[in-house]
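The values are calculated or read from the model by the stated rules, or taken from the named source; none is laboratory data. This is a predicted model, so every value here is computed, not measured. Cβ coordinates were reconstructed from backbone atoms using ideal geometry, including for glycine residues, and neighbour counts include every protein chain displayed.
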Amino acid sequence: MDPVSANLRRLLAERDWTIHQAAQAVGVDERTLKGLLAGRGGKTIQTGRHVRYEKRTPLNNLFLSLLERMDVQIDRLGDSTGKLDRLTT
């Protein structure tokens, strides 16, 4: 692999994130589903740990926190109740 491609891959790996969420079954409350956030988000997310939030925390709180890392400043997103703490490094 040439040095430019290697540097680009490393840069993307450091600035990107991926969200995986368990498939929703019929009759399951979507606010109790488990999710996985992988990636550093430009070194703004502390990795290598398991963080548990209160039950019924809206998933939009996570999206609101991620949007903030992309310099999108909004107060609410859908049913969000605020940004998530304990994400940052």
Item to check | The lone exception for GLY41 - which of (1) at pLDDT 85 or above; (2) surrounded by 10 or more Cβ atoms within 10 Å (Cβ to Cβ) it fails | outcome: (1)
Checklist entry - Within region 68-82, how many residues turn out to be acidic (Asp, Glu), surrounded by fewer than 10 Cβ atoms within 10 Å (Cβ to Cβ) and more than 18 Å from ILE45 (Cα to Cα)? => result 1
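Residue-by-condition table, conditions (1) in contact with a Ser or Thr (Cβ under 7 Å, 6 or more places away or on another chain); (2) part of a loop (DSSP other than H, G, I, E, B); (3) modelled with pLDDT under 85; (4) aromatic (Phe, Trp, Tyr):
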site	(1), (2), (3), (4)
ARG52	no, yes, no, no
LYS55	yes, yes, yes, no
ASN60	yes, no, no, no
PHE63	no, no, no, yes
THR81	no, yes, no, no
LEU87	yes, yes, yes, no
Checklist entry - Pick from region 27-38 the residues that are in contact with a helix residue (DSSP H, G or I) (Cβ under 9 Å, 6 or more places away or on another chain) and not charged (D, E, K, R): which of them is modelled with the lowest pLDDT? => result LEU33
Checklist entry - Among the residues of region 45-59 satisfying the criterion of being surrounded by fewer than 16 Cβ atoms within 10 Å (Cβ to Cβ) and within 15 Å of THR18 (Cα to Cα), which is farthest from the chain's Cα centre (by Cα)? => result GLY48
Item to check | Inter-residue pairs, beta-carbon under 6 Å, first hydrophobic (A, V, I, L, M, F, W, C) and in region 72-89, second in a loop (DSSP other than H, G, I, E, B), 6+ apart | outcome: LEU87/ILE45
